[in-house]
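Presented below is the structure to which this report refers.
The values are calculated or read from the model by the stated rules, or taken from the named source; none is laboratory data. Quick caveat: nothing in here was measured; it's all calculated off a predicted structure. Virtual Cβ from ideal backbone geometry, glycine too; neighbours counted across all protein chains shown.
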Amino acid sequence: MRMMLIIFRETMASGIHELLKHHGVTAFTELHNVSGRGLTGPTVQFSLSAESNRLILAAVPEDIAHRLITGLTHFRDEHISQHGGHAVPLHAFILPCEQVI
C-alpha cells in the first residue's frame, strides 16, 4: 500500500479528479485552500481563489500509485507546454502506507 500526496492549483482540480477516477481511485481525502510557497511562488490564501492549492491524500495499491504518477506526469507535461515551458504548480509524492486501525 502507498500513500499518494498530490498538491495542485485549484484550477487543475477537474483534471486531477478525472485522473483519479480513470485509475479507479474513488476514496481519498481532499484539503482545500492549502497554503505554501514553491517554484511558482506563494499561494493565495483566499477561499475559492483560482490561485489557492488543494492537497489530496489517497491510500492506493503500489501498482495504481505508479500508474497515477505516469498519468500525473503526462498531465503536468501538457500544462507545461500550454504555459510556455514554465513550471506548473503540481507535485506528487509516494510514501509507504500501512493501515493500523
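Hey, any hits in segment 56-63 for a residue that's in a loop (DSSP other than H, G, I, E, B) and either of a type in the set (Ser, Thr, Tyr) or at pLDDT 95 or above (or both)?
Within segment 56-63, the first condition is being in a loop (DSSP other than H, G, I, E, B), and the residues that meet it are 61.
Okay, now just the ones that are also either of a type in the set (Ser, Thr, Tyr) or at pLDDT 95 or above (or both), so 61.
The answer is yes; a qualifying residue exists.
Of the residues 35, 52, which is surrounded by 15 or more Cβ atoms within 10 Å (Cβ to Cβ), over 28 Å from residue 99 (Cβ atoms) and modelled with pLDDT under 95?
Details: 35 fails: surrounded by 15 or more Cβ atoms within 10 Å (Cβ to Cβ).
None of the other options fit; the residue is 52.
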